[in-house]
Amino acid sequence: MRKPAIAVLLMLAVSAHAANNATCDRASLLAKFNQAPALGGAPEIPAKLETQLKRFVLFDSPLAMDGYKYNGLVDMGGTRAWIIRFGGIAGAVEWFGPVTVEPAKFVGCPDSPGTKHPSGSTESGRQIKS
């Protein structure tokens, strides 16, 4: 009688985990990294769009040989996303993108703990700080 109960609990846990992660498709954005053009710096985002931006961790493993970490920045009101690669031996910060995404796939992604809010305005908007 214990085995069926354990199996049911395990299935519930797996389905709950899948449901929670169904709207945070990090892999699809990280897969577009090879397609994303390198930028010379952070993109300029018009001030009116700042509230639509969602930044979250794409990849952050202490076992990564190169020491790089990756964040995603998605325009939740549009179809654009950028990838930020930072860290490494020299502590570099590199921006890539934009790439086309479906924002609905990233609704459930938790915000990156290192998210810095944009500051320093320009005529066309603000430049995102890394």
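The values are calculated or read from the model by the stated rules, or taken from the named source; none is laboratory data. As the structure is a computational prediction, the values presented were derived from the model and not from experiment. Note that we place each Cβ from the backbone using ideal geometry, even for glycine, and neighbour counts take in every protein chain shown. With ligands, DNA and RNA removed, areas are computed over all heavy atoms of the protein, side chains included. Shrake-Rupley method; radii C 1.70, N 1.55, O 1.52, S 1.80 Å.
How much length would be gained if the chain were fully extended between Tyr68 and Asp111, taking 0.36 nm per residue of separation minus their Cα-Cα distance, in nm to one decimal?
Length difference between fully extended and current span is 13.6 nm.
With θ taken as phi - 60° and the coefficients 6.51, -1.76 and 1.60, list the Karplus ³J(HN,Hα) couplings across the range 87-100 in order, rounded to whole Hz; mark glycine and proline as x.
Ordered by residue, 3J(HN,Hα) equals x, x, 5, 8, x, 6, 10, 10, 10, 9, x, x, 10, 8 Hz.
Just the accessible area per residue of the range 40-101, please: how many Å² with a 1.4 Å probe?
50 Å²
Once you list every other residue whose beta carbon is under 10 Å from the beta carbon of Ala38, what net charge do they have if Lys and Arg are +1 and Asp and Glu are -1?
Details: positive: Arg85; negative: Glu94.
For residues surrounding Ala38, the net value is 0.
Ratio to report: Rg/Rh of the range 40-118, with Cα atoms as the point set and Rh obtained by the Kirkwood method; give two decimals.
Result for the range 40-118 is an Rg/Rh of 0.97.
Near the amide H of Ala36, under 5 Å away, which other amide H atoms are found, from residues 5 or more places off or on another chain, if H is placed in the peptide plane?
Amide H neighbours of Ala36, under 5 Å, 5+ apart: none.
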